[in-house]
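S.K.: Have a look at the structure that comes next, please.
The values are calculated or read from the model by the stated rules, or taken from the named source; none is laboratory data. Keep in mind that what you see is a predicted model, and the values were worked out from it rather than measured. Cβ coordinates were reconstructed from backbone atoms using ideal geometry, including for glycine residues, and neighbour counts include every protein chain displayed.
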Amino acid sequence: MDEAAAQVWSTLTTGVYILTTRDGGIGHGMSASWVTQVSGEPPLLAAAVGRNCYSHGRIVGHGMFGLNVVGQSSRRLQDYFHSAAARRPGNLDRVDWFWSPSGVPWLSSALLCLECRVRQQIIVGDRSLFLASVSAWRWGTPDLALTTQELPYVFVGEVRPARRWALRTAGGLQE
């Protein structure tokens, strides 16, 4: 993706989430930002997951995943799951977590934890779009959700340093 296109896509603001899966009794987490509500009735969300990601096979096999909303005070979760240290199976060993009612990992310090049941999988480009309903949730400590605009990098199919545009004149936006 060229720089101009990356700027366009990086301007689309999303929340920051840690998507969690299980493989038997072992939990795994990955940073996710391509998540959104897609239906009001029935209430459904969609999460895009790379088909080459470790979590992809776990979601397909188990039919469920956890979605943990990262808050301002739990940003360290995003820092960890974005890092090279987290790119391994069983990577929940460095964070506090527990099992949801139906057995997906929930992160103790998340703003909100959701238990998601896959209703449909749609192949889109290099990703699977998992449409899911929420079967259980747990609120954490009151906080504000972290967004992609607050990170020093952006994921636009690849990780790139964030370049912010600022209003410098009444005539428009300038870099």
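S.K.: Quick check, is Ala86 surrounded by fewer than 22 Cβ atoms within 10 Å (Cβ to Cβ), among the hydrophobic types (A, V, I, L, M, F, W, C), within 17 Å of Leu107 (Cα to Cα) and at pLDDT below 95? So that I can check it myself, show each step before the final result.
M.R.: Working: surrounded by fewer than 22 Cβ atoms within 10 Å (Cβ to Cβ): yes; among the hydrophobic types (A, V, I, L, M, F, W, C): yes; within 17 Å of Leu107 (Cα to Cα): yes; at pLDDT below 95: yes.
Answer is yes for this residue.
S.K.: Since Val16 meets every condition but one in (1) modelled with pLDDT under 95; (2) surrounded by fewer than 22 Cβ atoms within 10 Å (Cβ to Cβ); (3) among the hydrophobic types (A, V, I, L, M, F, W, C), which condition does it not meet?
M.R.: Looking at each condition in turn, Val16 falls short on (2).
S.K.: Same structure again: Kindly indicate the residue of segment 60-72 that is more than 14 Å from the chain's Cα centre (by Cα) and modelled with pLDDT of 95 or more and also surrounded by the most Cβ atoms within 10 Å (Cβ to Cβ) among those meeting that condition.
M.R.: Within segment 60-72, the match that is surrounded by the most Cβ atoms within 10 Å (Cβ to Cβ) is Met64.
S.K.: Could you check Leu44 against (1) under 15 Å from Ala132 (Cα atoms); (2) modelled with pLDDT under 90 and say which number it fails?
M.R.: (2)
S.K.: If we scan segment 127-137, do we find a residue that is among the β-branched types (Val, Ile, Thr) and modelled with pLDDT of 90 or more?
M.R.: Yes, because at least one residue in segment 127-137 is among the β-branched types (Val, Ile, Thr) and modelled with pLDDT of 90 or more.
S.K.: Would segment 148-160 turn up any residue that is touching a Leu at 6+ places or on another chain (Cβ under 7 Å) and either at pLDDT 95 or above or not in a loop (DSSP other than H, G, I, E, B) (or both)? If you could, list the steps in order and put the result at the bottom.
M.R.: Residues of segment 148-160 touching a Leu at 6+ places or on another chain (Cβ under 7 Å): none.
No: segment 148-160 contains no residue that is touching a Leu at 6+ places or on another chain (Cβ under 7 Å) and either at pLDDT 95 or above or not in a loop (DSSP other than H, G, I, E, B) (or both).
S.K.: Do the conditions hold for Gln78, that is, is it closer than 17 Å to Trp106 by Cβ and in contact (Cβ under 8 Å) with a residue 40 or more places away in the chain?
M.R.: Here the answer is yes, as Gln78 does meet what is asked.
S.K.: OK, next. Which members of segment 37-57 meet the condition of being in contact with a strand residue (DSSP E or B) (Cβ under 6 Å, 6 or more places away or on another chain), polar (S, T, N, Q) and not in a helix (DSSP H, G or I)?
M.R.: Gln37
S.K.: A further question on this structure: Give me a count of the residues in segment 81-97 that are touching a residue at least 24 places away in the same chain (Cβ under 8 Å), small (Gly, Ala, Ser) and at negative phi.
M.R.: 1
S.K.: Scan segment 58-70 and give yes if some residue there is under 21 Å from Thr14 (Cβ atoms), touching a strand residue (DSSP E or B) at 6+ places or on another chain (Cβ under 7 Å) and basic (Lys, Arg), otherwise no.
M.R.: The answer is no, given that none of the residues of segment 58-70 is under 21 Å from Thr14 (Cβ atoms), touching a strand residue (DSSP E or B) at 6+ places or on another chain (Cβ under 7 Å) and basic (Lys, Arg).
S.K.: Out of (1) touching a strand residue (DSSP E or B) at 6+ places or on another chain (Cβ under 9 Å); (2) closer than 14 Å to Ala132 by Cα, what's the single condition that is false for Ser33?
M.R.: Against the list (1) touching a strand residue (DSSP E or B) at 6+ places or on another chain (Cβ under 9 Å); (2) closer than 14 Å to Ala132 by Cα, Ser33 comes up short only on (2).
S.K.: Can you name the number of the only condition in (1) out of contact with any Asp or Glu (no Cβ under 7 Å at 6 or more places or on another chain); (2) farther than 14 Å from Cys116 by Cα that Gly50 fails?
M.R.: Gly50 satisfies every listed condition except (1).
S.K.: For residues in segment 90-128 being assigned to a loop (DSSP other than H, G, I, E, B) and hydrophobic (A, V, I, L, M, F, W, C), which is surrounded by the fewest Cβ atoms within 10 Å (Cβ to Cβ)?
M.R.: Val95
S.K.: Let me ask you something else. Kindly check whether there is at least one residue in segment 95-114 that is at pLDDT below 95 and within 19 Å of Gly29 (Cβ to Cβ).
M.R.: Among the residues of segment 95-114, not one is at pLDDT below 95 and within 19 Å of Gly29 (Cβ to Cβ), which makes the answer no.
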